[in-house]
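The values are calculated or read from the model by the stated rules, or taken from the named source; none is laboratory data. All figures in this text were calculated on a predicted structure; none of them were measured in a lab. Cβ atoms come from the backbone with ideal geometry, glycine included; neighbour counts cover every protein chain shown. What goes into the accessible areas is simple: the full protein's heavy atoms, side chains included, and nothing from ligands, DNA or RNA. Shrake-Rupley method; radii C 1.70, N 1.55, O 1.52, S 1.80 Å.
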Amino acid sequence: MAEQESWTSRIGFIFAAVGSAVGLGNIWSFPFQTASNGGAAFIVVYLVAVFLIGFPAMLVEFVIGRRSERNPVDAFADLGYGGWTIAGALGAFTSFATLAFYSVVGGWVLIYIVGSATGAYFGDAAAYFGSVASGPTALAAHAVFMAITIGIVALGVTGGIERTTKVMVPSIFVLLIGLAIWVFTLPGADAGYGYYLSPDFGELAANFATIVPAAVGQAFFTLSLGFSVMIIYSSYLGRDDSLPADGGAIVIINTLVAILAGLVVFPILFAIGGEVPEAGGSGTAFTALAGAFGQLPAGAIVGFVFFMVLLFAALSSAISLLEVPVSYVVQHYDYERSAVTVTMGVVIFLLGIPPAMGTGILGWYNDIVFQFLLPLVVLLLIVFVGWVAADLSADELSQGSSVGSSFTGAWLWWVRLVVPIAIVLTFLLGIQSLLIKGGVLASPVFLG
Ligand code: TRP
């Protein structure tokens, strides 16, 4: 059996997990959901969803990972529940399939970093996006993005993932703060803050029934739950680490990045007096905002910095996605990590060719993963931790932590009863919106 790897420090784990969680969901989805759902009023609902539903669900993955100290596929058999292997396998498959199209979006970010330096998209941002988002340019960029991801994961948990996320995650924070300060000085920025944050409780009340499940869905999405990423990352943790404390830190940092991103995005859009796009997806990230960079003083530099932030966010998520299937093959078959990583990465690259050739196909991949696989996997894990292996779960949660049995008991009942209801509601809403929008490009996340 391959030797078990582990993080060199608690902070290494937190940075890696935050790196996975912080992504396009924070920088695009969240600000736009907030702006169109009642501003600061929505933030309150979102915070409730993240802390009351997302956080307990994250602990579910942590408990499985740290207890088994194994990859998500073999974890269940190791814990004595071999029949549940299917739940882990489904999670690993989800990661694998997601990376295929996530890497295409990562490729777009690379293209825009170069484009910021050369000013390629400054003229007609929408036309530029149309010409690079699919086809040969997109395919080449997808290949480069996959190559970087493979390079990092091949170097291992500490030498690759921990070392790079320790640089990328603080950089995201520092660069976003720098951008937020810079946009503050822009004339017209005030209107952006107003649009983003002014609380509209009327809007919230009128659409409460759809806003709440949307906030819950965003909570799962933004915390990268349902992909077994948090299972594998927590399997590399020491037994004296506190799962609730680490999980709390991850959730808080992830939320701060999301709120901060809105303080960058909206002032920029308003400073140029441009139209604010209805829904925020990558399409708008790469058209509306790119268009604004073309018109701003020092837009090339700001655009470059902004897309670097997106690159760090996308890369630190991509490596977590690749680590899930790689860890399984490395541990299960005892193969050499670098060989497994390259092989797996090439297969994922091939699977990413169709979405690189057409954004419609990318939308389908996206919908299947986030509307169906994600809720299904989370639900299975919750039933396992809450009902099937409850004793072991409660014991593992308190391990290394100062929380008492009343906390673990409350968590267990919460996970058994409340979290599944929230998931089923979100799932049904997802199906409904798929049907309404005809199924194609229904997800607001990657395409707008
Ligand atoms: N959390 C990421 C974001 O906010 C998106 C995401 C969801 C993800 N599930 C994931 C990233 C799994 C990596 C792995 O954008």
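Counting Lys and Arg as +1 and Asp and Glu as -1, what is the net charge of the other residues whose Cβ lies under 13 Å from the Cβ of Gly12?
Once all neighbours under 13 Å are counted, the net charge is -1.
Ranking Ser398, Val216, Gly299 by Cα position along the charge dipole of the chain, where only Lys, Arg, Asp and Glu carry charges on their C-beta atoms, puts Gly299 farthest toward the positive end. Sorting the segments 47-59, 215-227 by their mean number of nearby beta carbons within 10 angstrom, highest to lowest, gives 215-227, 47-59. Derived scalar couplings between HN and Hα for segment 414-429 equal 4, 5, 6, 10, 7, 4, x, 4, 4, 5, 4, 4, 5, 4, 5, 5 Hz in order, rounded to whole Hz, by the Karplus curve 6.51 cos²θ - 1.76 cosθ + 1.60 (θ = phi - 60°), x for Gly and Pro.
Starting from the exponent 0.38 and prefactor 2.2 Å, build the expected Rg for segment 10-437 from its residue count and divide its actual Cα Rg by it. The value comes to 0.94. Against the main long axis of the alpha-carbon atoms of the chain, helix 337-351 sits at an angle near 50°. Spin-label pair Phe51-Ala180: with each label point 7 Å from Cα along the Cα-Cβ axis, the two points sit 1.8 nm from one another.
Roughly how many Å² is the accessible area per residue of the chain, as a whole number, for a 1.4 Å probe? Before the final figure, lay out the partial values.
Values: 15510 Å² over 448 residues.
Heavy-atom accessible area per residue stands at 35 Å².
What the Cβ-Cβ distance of Leu256 and His332 gives, at R0 = 41 Å and to the nearest 0.05, is a FRET efficiency of 0.65. Magnitude of the charge dipole for the chain, about its Cα centre and with charges confined to Cβ atoms of Lys, Arg (+1) and Asp, Glu (-1), is about 240 debye.
Spin-label model, Ile86 to Ala206: label points 7 Å out along the Cα-to-beta-carbon direction sit 4.5 nm apart. Shown in residue order for segment 361-366 are the 3J(HN,Hα) couplings computed by the Karplus curve 6.51 cos²θ - 1.76 cosθ + 1.60 at θ = phi - 60°: 5, 4, x, 5, 3, 4 Hz (x for Gly and Pro). Once all protein chains are placed together, Leu351 keeps about 60 Å² accessible to a 1.4 angstrom probe. Per-residue surface analysis assigns Glu203 an accessible area of about 60 Å², computed on protein heavy atoms at 1.4 Å probe radius. With helices as the sole contributors, the chain gives -22500 deg cm²/dmol at 222 nm; each DSSP H run of n ≥ 4 counts as -39500 (n - 2.57), and the sum is divided by every residue.
Magnitude of the Cβ-charge dipole of segment 18-177, K/R +1 and D/E -1, about the Cα centre, nearest 20 debye? Don't jump to the answer; show the numbers that get you there.
On the way: 5 positive and 6 negative charges, 35 e Å.
Dipole magnitude for segment 18-177 comes out near 180 debye.
Residues considered: Asp74, Asp367, Asp334. Largest GNM mean-square fluctuation over the chain, using C-alpha springs under 10 Å, is found at Asp334. Full extension of the segment from Ala120 to Arg239, taken as 0.36 nm per residue of separation minus the current Cα-Cα distance, would add 37.8 nm. Computing FRET efficiency as 1/(1 + (r/R0)^6) for Val388 and Gln4, where r is the C-beta to C-beta distance and R0 is 22 Å, gives about 0.35. Rounded to whole Å, give me the distance from the Cα center of segment 54-81 to that of segment 352-373. Here the two parts' Cα centres lie 28 Å apart. Between Thr137 and Gln399, the contour length at 0.36 nm per residue exceeds the alpha carbon distance by 89.4 nm.
Applying 1/(1 + (r/R0)^6) with R0 = 41 Å to the Cβ-Cβ distance of Leu425 and Ser198 gives a FRET efficiency near 0.90.
Principal-axis analysis of the Cα atoms of the chain puts helix 85-118 at an angle of about 30° to the longest axis. Return one number: the angle in degrees, 0 to 90 and rounded to the nearest 10, between the long axis of the Cα atoms of helix 243-271 and the longest principal axis of the Cα atoms of the chain. On a 0 to 90 degree scale, this one is about 10.
How high is the relative contact order of the chain, given as a whole-number percent (alpha carbon pairs under 8 Å, six or more residues apart)? Numbers along the way, then the final one.
Details: 757 pairs, mean separation 155.0, N = 448.
Here the relative contact order equals 35 percent.
Our coupling estimate for segment 367-384, obtained by passing each phi through the Karplus curve with A = 6.51, B = -1.76, C = 1.60 and θ = phi - 60°, is 5, 4, 5, 7, 8, 10, 5, 4, x, 5, 5, 4, 4, 4, 5, 5, 5, 4 Hz, Gly and Pro reported as x. Ligands, DNA and RNA excluded, the heavy atoms of Thr164 present near 40 Å² of accessible surface to a 1.4 Å solvent probe.
Once fully extended, how much extra length lies between Arg416 and Val347, figured as 0.36 nm per residue of separation less the alpha-carbon to alpha-carbon distance?
On the way: separation 69, 0.36 × 69 = 24.84 nm, distance 3.74 nm.
Stretched out fully, the Arg416 to Val347 stretch lengthens by 21.1 nm.
Here the accessible area is traced with a 1.4 Å probe on the protein chains. For the chain, carbon and sulfur cover 71 percent of it. Look at the dipole of the chain built from charges on Cβ: of Tyr128, Thr426, Leu379, the Cα furthest out on the positive end belongs to Tyr128.
With each label modelled as a point 7 angstrom along the Cα→C-beta vector, the Asp78-Ile301 pair spans 4.9 nm.
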